[in-house]
Amino acid sequence: MRKGRFYKSVADIAQRYSESVSFDHRLYRHDVAGSIAYATALTRARIISATEQKQIETGLREIEKEIEFGKFQWDEALEDAHMNIESALIKKIGDAGAKLHTARSRNDQVALDLRLYVKEQTGETSAQLKKLQTAFLDLAEQHVDLVMPGYTHLQRAQPILFAHYLLGQVEAFARDLERLDDCLERTDVLPLGSGALAGSSILLDRELIARELGFAHVSQNSLDAVGDRDFVCEFLFCLAMIGMHLSRLSEDLIIWSTTEFGFVEFSEGFSTGSSLMPQKKNPDMAELTRGKTGRLYGNLMSILTSLKGLPSSYNRDLQEDKEALFDSVDTISAALEVFSSMLPELKINRARMEAAANDPNLLATDLAEYLVRKGMPFREAHEIVGKLVADATDQGTKLNAIALADFKKLSPLFDVDVADVFDVRRSLAARRAIGAPSPENVSAQIKRWRKQFRG
């Protein structure tokens, strides 16, 4: 690249500072695919012959195999993966390789490689999410009848089915899948053919290139195409959201695995011990996931910050997008793999969950609704039940142990059927509205998801 314009070689310290081949080499498959498709367009434009096109494709396939088998020697002096591959191609096939970069810039070349990479990783992440959803669904089917407390403010609130909680996780990750699909729509745009920023006087069939590479759309503005990294930001946001959902799940499981809760127990394969305390069994995989979510957020903020002050078109600052992107992909991939393997081994303490769910205070709202069904305004019923809870707490007794006579002192609407309110199973069965945790609804949702996964 320096031949012609420069008299001196780049300073060693500047070369080391600016190289990116140490990390962007992982784009090699996408770079090779892009170059092969580009050679097709150059042939159609009569820039290269059919023979030269064949030489280019054969040479690139050989280089690709050399890289795959670890035989390719990356040269940091050539800055990046793109120049390394092109240089190797020229050495391998001569002048035909030197023609490949006609009307192409590294600006549109790297934009293409990144889009191909994000498209691929969107599919990989989606597949991992579906595997995790299946693990939740399997666990829900195994414990479809298990009752547990639902929490707000980390305080016991109302009874739910454990399967309802698990299905809630399936819903959250379904939104992540939708976001990835939506992100793919804006990623699926071919930038190749935009040149450095203004295209080229050599007319290439960009729609042909798009078909060759499987792109649904072709970019409509060359200036925007080479500087656009919106799709990277959006993908990193999608990964950060997945991380957030995994982190909240981790927090639940960490708390529930404590002796104080005792709802779940991590298997030995996904737990660690203490270097000092022999009795410890720590939920490190969940804690690490909770911590790595901050890393995902940091990578998103890194690229957003890099982009915010850039003038239009390509700037070298955009080299900083790759390490953040690669790190987030690796981080979320590892986390999803761990959770998909860890969940089936999770031990569920049914007795502890059901004992906690039998706290009569969890049915205080049901008690207020009992009065509402008898004609009392809800706010009045809420106040009366609040007084009953306070009295029971002061007396050190349970809400369902209050005598009927004491109930009647606060409202004549209370009758002998008030005892039925404190049947947890009956309470859950009554919660039949769409989205509520009745056994009927939960079973239907399990069937719906199972059918969707099979479809």
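The criterion of being touching a residue at least 24 places away in the same chain (Cβ under 8 Å), out of contact with any His (no Cβ under 7 Å at 6 or more places or on another chain) and of a type in the set (G, A, S) does not hold for S438.
If you go through the stretch 269-278 one residue at a time, do you hit one that is in contact (Cβ under 8 Å) with a residue 60 or more places away in the chain and open to solvent by less than 70 Å² (accessible area, probe 1.4 Å)? Yes, the conditions are met somewhere in the stretch 269-278. Can you find a residue in the stretch 331-352 that is out of contact with any Asp or Glu (no Cβ under 8 Å at 6 or more places or on another chain), among the acidic types (D, E), in contact (Cβ under 8 Å) with a residue 12 or more places away in the chain and surrounded by fewer than 19 Cβ atoms within 10 Å (Cβ to Cβ)? Within the stretch 331-352 (the criterion being out of contact with any Asp or Glu (no Cβ under 8 Å at 6 or more places or on another chain), among the acidic types (D, E), in contact (Cβ under 8 Å) with a residue 12 or more places away in the chain and surrounded by fewer than 19 Cβ atoms within 10 Å (Cβ to Cβ)), the answer is yes, since at least one residue qualifies.
Evaluation of F414 against the conditions (1) outside any helix (DSSP H, G or I); (2) open to solvent by 70 Å² or more (accessible area, probe 1.4 Å) shows that the sole unmet condition is (2). Flag set for L246, criterion: touching a Phe, Trp or Tyr at 6+ places or on another chain (Cβ under 9 Å), over 21 Å from Y314 (Cα atoms) and at pLDDT 95 or above. Among residues of the stretch 142-159 that are modelled with pLDDT under 95, none has a Cβ under 8 angstrom from a residue that is open to solvent by 80 Å² or more (accessible area, probe 1.4 Å) at a sequence gap of 6+ or on a separate chain.
Contact annotation: residue pairs with Cβ atoms under 7 Å, 6 or more positions apart or on different chains, pairing a residue in the stretch 370-386 that is closer than 10 Å to L413 by Cβ and of a type outside the set (A, V, I, L, M, F, W, C) with a partner that is outside any helix (DSSP H, G or I) and open to solvent by less than 60 Å² (accessible area, probe 1.4 Å), are K374/L413.
The residue of the stretch 303-320 that is nearest to D108 (Cα to Cα), among those that are open to solvent by 50 Å² or more (accessible area, probe 1.4 Å) and in a helix (DSSP H, G or I), is R316. Contact annotation: residue pairs with Cβ atoms under 8 Å, 6 or more positions apart or on different chains, pairing a residue in the stretch 287-300 that is open to solvent by 80 Å² or more (accessible area, probe 1.4 Å) and of a type in the set (S, T, Y) with a partner that is assigned to a helix (DSSP H, G or I) and modelled with pLDDT of 95 or more, are Y297/A240; Y297/G243.
So, of the residues in the stretch 77-125 that are in a loop (DSSP other than H, G, I, E, B) and over 26 Å from R44 (Cα atoms), which turns out to be least open to solvent (accessible area, probe 1.4 Å)?
Checked the stretch 77-125; the qualifying residue least open to solvent (accessible area, probe 1.4 Å) is D80.
Take T152 and tell me if it is among the β-branched types (V, I, T) and open to solvent by 30 Å² or more (accessible area, probe 1.4 Å). Judged against the criteria, T152 is a match. Here Q53 passes the criteria (1) at pLDDT 95 or above; (2) farther than 23 Å from S200 by Cβ except the one numbered (2). Only residues that are touching a helix residue (DSSP H, G or I) at 6+ places or on another chain (Cβ under 7 Å) and open to solvent by 10 Å² or more (accessible area, probe 1.4 Å): list them for the stretch 361-379, please. Hits for the stretch 361-379 are N361, A364, D366, Y370, V372, F378.
Of the helices (runs of 4 or more DSSP H) entirely within the stretch 1-76, those holding at least 1 residues that are open to solvent by less than 40 Å² (accessible area, probe 1.4 Å), under 22 Å from N107 (Cα atoms) and in contact (Cβ under 8 Å) with a residue 60 or more places away in the chain occupy 12-18, 21-24, 28-44. Of all residues being within 21 Å of G123 (Cβ to Cβ) and part of a loop (DSSP other than H, G, I, E, B) in the stretch 183-222, which is most open to solvent (accessible area, probe 1.4 Å)? Just the residue, please. Only one residue tops the list, namely A216. Out of the stretch 161-217, which residues are aromatic (F, W, Y) and within 30 Å of Q109 (Cα to Cα)? The answer is F215, and nothing else.
Let's see how each residue does on (1) under 26 Å from Q319 (Cβ atoms); (2) touching a helix residue (DSSP H, G or I) at 6+ places or on another chain (Cβ under 9 Å); (3) not acidic (D, E):
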position	(1), (2), (3)
R44	no, yes, yes
Q53	no, yes, yes
E62	no, yes, no
K65	no, no, yes
F72	yes, yes, yes
D75	yes, yes, no
H82	yes, yes, yes
T102	yes, yes, yes
D108	yes, yes, no
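Residues are listed down the side, and each one gets a yes or a no for (1) more than 30 Å from E354 (Cβ to Cβ); (2) more than 22 Å from the chain's Cα centre (by Cα); (3) of a type outside the set (K, R):
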| site | (1), (2), (3) |
| --- | --- |
| A127 | yes, no, yes |
| L154 | no, yes, yes |
| D181 | yes, no, yes |
| G199 | yes, yes, yes |
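The values are calculated or read from the model by the stated rules, or taken from the named source; none is laboratory data. The shown structure was predicted, so the numbers you read here are calculated from the model rather than taken from an experiment. Ideal geometry is used to build each Cβ from the backbone, glycine not excepted, and the neighbour counts take in all protein chains shown. Side chains are part of the model used for accessible areas, which takes the heavy atoms of the whole protein and leaves out ligands, DNA and RNA. Shrake-Rupley method; radii C 1.70, N 1.55, O 1.52, S 1.80 Å.
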